Amino acid sequence: MDRFLELAKASLSSRRFHHVLGVVETAKALAARYRLSEEQTEIAAVLHDIYREKSSTELKKMAGEVSLILPDDDPPTWHGPITAARLVMDFGIDDQAIGEAIRFHTIGHPEMGPLAKIIYVADAIEPGRNFFGVDHLRRAAEMDLNLAVAVVADASLAYLIEKQLKMALSTVELRNKMWRLVDGNLRKDYNQGNKIN
Ligand SMILES: [Fe+2]
Ligand SMILES: [Fe+2]
């Protein structure tokens with residue numbers, strides 16, 4: 001693990017490395033709460049943004065080396081699938097749950113499992129995040145994992161709408177599915193706590 005942390009430190013600006021440390025801390029707390037392996041969680045958190053600062057030219061080359069086809073129009077989302085596709089080759093990690101968590105951490109996916117959900121949520125609520133409403137998302141993360149994913153996906157979609165940016169269908173499908181799984185009483189408790197509705 002120290003080896004991967006060193007690698008993250010060497011590969012990223014100090015601002016982004018601090019974000020990674022925040023995601024590690026938050027993801028480990030969520031893993032304890034929702035009973036997931038601490039080790040798997042830590043590896044996924046440390047590596048999730050390892051290629052975030054590569055240029056799109058470099059990323060295209062790295063994708064080509066593993067025959068990965070990328071959507072042409074969305075370079076900021078490429079680092080997840082590329083890291084996932086190169087996990088064995090670059091880091092000697094052969095673990096489906098870690099791969100899935102890293103692949104989907106930016107846009108999410110309706111079929112993602114518990115580790116991927118934890119990384120998706122931790123990425124949005126780590127202590128360095130301070131956007132409006134983040135405390136509501138942090139509260140959701142303490143209540144229920146599916147609720148947390150639903151409200152994080154909503155916040156991400158709201159941001160994309162505000163900035164008039166493209167949204168991935170995968171994120172929309174994820175939020176629809178998570179809200180469907182959230183029990184009505186839980187939703188009510190969450191909304192009352194936030195004084196919405
Ligand atoms: Fe990322
Ligand atoms: Fe991140």
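Read the figures in this text as sums done on the coordinates, not as results from a lab. Keep in mind it's a predicted model, so treat the numbers as computed, not measured. Positions of Cβ are generated from backbone atoms using ideal geometry, with glycine treated the same way; all protein chains shown enter the neighbour counts.
General remarks:
- Excluding exposed DSSP-loop trypsin sites (Lys or Arg not before Pro) (at most 14 other C-beta within 10 Å), longest clean stretch of the chain: 36-162
- Subtracting the Cα-Cα distance of Lys195 and Val172 from their residue separation scaled by 0.36 nm leaves 5.8 nm.
- Cα-based helix-to-principal-axis angle, 56-65 vs the chain, degrees rounded to 10: 70
- DSSP-loop chymotrypsin sites (Phe, Trp or Tyr not before Pro) across the stretch 94-185, with at most 11 other Cβ within 10 angstrom: Phe131, Phe132
- Footprinting exposure proxy ranking of Asp49, Asp94, Asp144, fewest other C-beta atoms within 10 angstrom first, gives Asp94, Asp144, Asp49.
- Calculated over the chain: convex hull of Cα atoms, volume per residue (Å³): 119
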